[in-house]
Amino acid sequence: MAESRNPLGRQTPHIDTYTPSLLYSIRREQGREGLTLPAAIHGEDVWHGYEFTWLDRHGKPVVAGLRLRVPLSSPCIVESKSLKLYLNSFAQTRFNGQADVLRTLDSDLKLAVRAPLLVELFPLRQLATLPSSLPGACLDDVECEVGVYRPDAGLLRLEDENAVVHESVYTHLFRSLCPVTGQPDFATVWISYRGRPLSRRDLLRYLISFRQHAGFHESVVERIFTDLLARCAPQSLSVQGCFQRRGGLDINPFRSTEPDAAPLVRLPRQ
């Protein structure tokens with residue numbers, strides 16, 4: 001995991017023959033500085049790959065959808081550009097069948113994240129079966145005055161200290177920055193909770209406050225999750241960030257107080 005191997009922000013050669021050494025691992029703790037995750041947190045990072053191809057044993061190209069489900073408990077994540085380069089290296093490599101490809105992916109990625117994970121390959125037609133919307137109310141038309149563009153949990157407010165609601169809300173207005181290149185990362189952020197009702201105006205202002213924040217997708221979602229827990233003390237809480245794809249990959253970190261699997265979606269911008 002030497003820093004010199006990190007391809008992010010560097011010019012990299014195009015390699016189209018299988019090269020597992022292209023994978024670059026990052027310890028999760030690097031993005032969690034200043035965060036205190038609750039002991040009861042659950043979750044996973046769901047990746048979708050839309051540009052994955054290899055050659056069958058006769059040299060004919062095969063194309064498939066790829067899904068990775070990396071558990072929150074894994075000590076490491078894979079840097080996304082390195083994963084793109086690694087997947088591209090399959091393009092001119094012959095495999096004996098899909099099972100052979102799956103075994104290779106599972107072995108390499110399990111080593112990269114230092115934990116078991118779920119790797120799936122599926123026909124491209126199955127992409128059309130993924131839900132294209134999220135349940136709940138969209139916050140984007142809520143009127144609010146915005147002037148803070150660095151994360152500020154102090155913006156969060158409750159509407160009613162005595163009421164209890166169970167609701168889901170989301171916004172497409174979310175943006176953060178890559179901590180290495182400074183390039184923008186756009187996402188839809190979805191929040192489902194049970195507890196005292198959040199002020200939607202102030203929740204939207206809080207989510208917009210990440211606009212100039214530099215952080216990896218996984219740690220950004222964890223910060224939102226921990227801020228909501230600390231400031232609002234909901235009885236249950238789930239947060240998912242559906243980030244737009246880069247290099248044929250999208251990342252959808254999911255964190256929850258409940259032991260549920262992440263919702264599988266593919267939003268129009270993904």
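The set of residues in the stretch 92-101 being in contact with a Leu (Cβ under 9 Å, 6 or more places away or on another chain), under 15 Å from ALA64 (Cβ atoms) and surrounded by fewer than 16 Cβ atoms within 10 Å (Cβ to Cβ) consists of THR93, GLN98. Take GLY195 and tell me if it is touching a residue at least 12 places away in the same chain (Cβ under 8 Å), within 20 Å of the chain's Cα centre (by Cα) and on the phi > 0 side of the Ramachandran plot. No: the conditions fail for GLY195. Is one or more of the residues making up the stretch 207-216 outside the structural domain of LEU68 (by TED's automatic domain parsing), surrounded by 23 or more Cβ atoms within 10 Å (Cβ to Cβ) and not hydrophobic (A, V, I, L, M, F, W, C)? Within the stretch 207-216, none of the residues are outside the structural domain of LEU68 (by TED's automatic domain parsing), surrounded by 23 or more Cβ atoms within 10 Å (Cβ to Cβ) and not hydrophobic (A, V, I, L, M, F, W, C). Taken as a whole, the structure places THR129 among residues that are without any contact (Cβ under 8 Å) to a residue 24 or more places away in the chain and among the hydroxyl-bearing types (Ser, Thr, Tyr).
Scan the stretch 11-56 for residues that are at pLDDT below 90 and under 14 Å from GLY247 (Cβ atoms) and the total you get is 2.
If you check ARG194, ARG175 for being among the basic types (Lys, Arg), outside any helix (DSSP H, G or I) and either under 19 Å from ARG245 (Cα atoms) or assigned by TED's automatic domain parsing to the domain that holds GLU79 (or both), only one passes: ARG175.
Matching residues to (1) at pLDDT below 95; (2) among the aromatic types (Phe, Trp, Tyr); (3) surrounded by fewer than 20 Cβ atoms within 10 Å (Cβ to Cβ):
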site: ARG196; (1), (2), (3): no, no, yes
site: SER199; (1), (2), (3): no, no, yes
site: VAL221; (1), (2), (3): no, no, no
site: ARG231; (1), (2), (3): yes, no, yes
site: SER236; (1), (2), (3): no, no, yes
site: ILE251; (1), (2), (3): no, no, no
site: SER256; (1), (2), (3): no, no, no
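In the set (1) β-branched (Val, Ile, Thr); (2) loosely packed, with under 15 Cβ neighbours inside 10 Å; (3) assigned by TED's automatic domain parsing to the domain that holds LYS60, VAL146 fails one condition alone, (3).
For the stretch 115-137, a tally of residues being exposed (fewer than 15 other Cβ atoms within 10 Å of the Cβ) and over 23 Å from PRO61 (Cβ atoms) returns 9. Contact annotation: residue pairs with Cβ atoms under 7 Å, 6 or more positions apart or on different chains, pairing a residue in the stretch 236-251 that is farther than 27 Å from VAL63 by Cβ with a partner that is at pLDDT 95 or above and hydroxyl-bearing (Ser, Thr, Tyr), are SER236/TYR193; SER236/THR257; LEU237/TYR193; LEU237/SER256; LEU237/THR257; SER238/SER192; SER238/SER256.
Does the stretch 218-230 contain at least one residue that is part of a loop (DSSP other than H, G, I, E, B) and not small (Gly, Ala, Ser)? Checked the stretch 218-230: no residue is part of a loop (DSSP other than H, G, I, E, B) and not small (Gly, Ala, Ser).
The values are calculated or read from the model by the stated rules, or taken from the named source; none is laboratory data. Just so it is clear, the model here is predicted, and its values are computed rather than measured. Note that we place each Cβ from the backbone using ideal geometry, even for glycine, and neighbour counts take in every protein chain shown.
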